[in-house]
Amino acid sequence: MTLNSGDDRRILLIAANDTFCHVYQNLAELLAAADHGEKLAGGIEFFDVTGRRLHPCFSADWRLEDLQAGYDAADPEAVRARLRAVMRHLVRYVRDHPDVLAQSRTSLEEALAGVPALDGPDLSHDLGALPDHLEHDRGNWMHNAMHVAGWAH
C-alpha cells in the first residue's frame with residue numbers, strides 16, 4: 001500500500017450505506033481480519049487518515065491482497081460526515097434495541113454518553129475516538145453494537 005499519510009497507516013473500513021465502520025491500525029491488521037472469514041453483507045469502502053479513498057486489490061480467487069490510494073483528492077470532511085452518520089445510526093439502533101448492551105453490563109444512558117461526538121480538529125482525531133478492532137477480542141459495547149446495528153451481521 002502506497003500512502004502519503006506519514007507514519008499513520010490506519011485504515012477506515014466503512015459500509016457503503018454508512019451503518020458500520022471499523023478502524024484498522026494498518027493493512028496487515030485488516031488482512032488478518034479478512035483471513036478470519038468475517039462475512040460481509042454489503043458494499044464497503046476504504047479510506048486512509050487523510051480521507052483519501054483506497055481501492056482494493058484482489059487475488060485471482062478474490063481475496064483482498066492490498067489497497068492502493070486513488071487519484072482523487074482526499075476529502076476528509078466528507079469522510080467525517082459519513083462517520084457521524086454511522087454514529088447516528090448506532091445511537092438510533094441502541095435506543096431501539098437496548099438489549100444489545102446486556103453482555104456489556106452498560107446502561108443505555110452510559111452507552112449513549114460514551115458515543116464519540118466526532119467533532120475533533122481533524123479526521124485522524126475522529127478515527128482515534130472510535131473503538132479499536134481487536135483481534136480475537138469481542139471488543140467494547142460500541143464495537144459489538146456496531147456489528148449488530150450495521151449490515152455486517
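Things worth noting here:
- Strands (runs of 3 or more DSSP E) wholly inside region 43-94 containing at least 3 residues that are surrounded by fewer than 17 Cβ atoms within 10 Å (Cβ to Cβ): 53-58, 64-69
- Selection of first residues in region 85-114 that are touching a residue at least 40 places away in the same chain (Cβ under 8 Å) and under 16 Å from T19 (Cα atoms) and of second residues that are among the aromatic types (F, W, Y) and in a helix (DSSP H, G or I), restricted to Cβ pairs under 6 Å at least 6 apart or on distinct chains, gives an empty result.
- Filtered by the rule that a residue be basic (K, R) and at pLDDT below 90, region 71-114 gives a lone residue, R105.
Yes/no per residue for (1) hydrophobic (A, V, I, L, M, F, W, C); (2) at pLDDT 95 or above; (3) over 13 Å from the mean Cα position of the chain (by Cα):
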site	(1), (2), (3)
G6	no, no, yes
Q25	no, no, no
A41	yes, no, yes
T50	no, yes, yes
L64	yes, no, yes
A69	yes, yes, yes
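- Of all residues in region 101-115, those satisfying the criterion of being out of contact with any Pro (no Cβ under 9 Å at 6 or more places or on another chain) and not polar (S, T, N, Q) are L101, A102, R105, E109, E110, L112, A113, G114, V115.
- Here G120 passes the criteria (1) among the small types (G, A, S); (2) more than 23 Å from R9 (Cα to Cα); (3) part of a loop (DSSP other than H, G, I, E, B) except the one numbered (2).
- Condition met for D132 (at pLDDT below 95 and exposed (fewer than 11 other Cβ atoms within 10 Å of the Cβ)): no
The values are calculated or read from the model by the stated rules, or taken from the named source; none is laboratory data. Being a predicted model, the structure only gives us computed values, none of them experimental. Cβ: placed from backbone, ideal geometry, glycine included. Neighbour counts: every protein chain shown.
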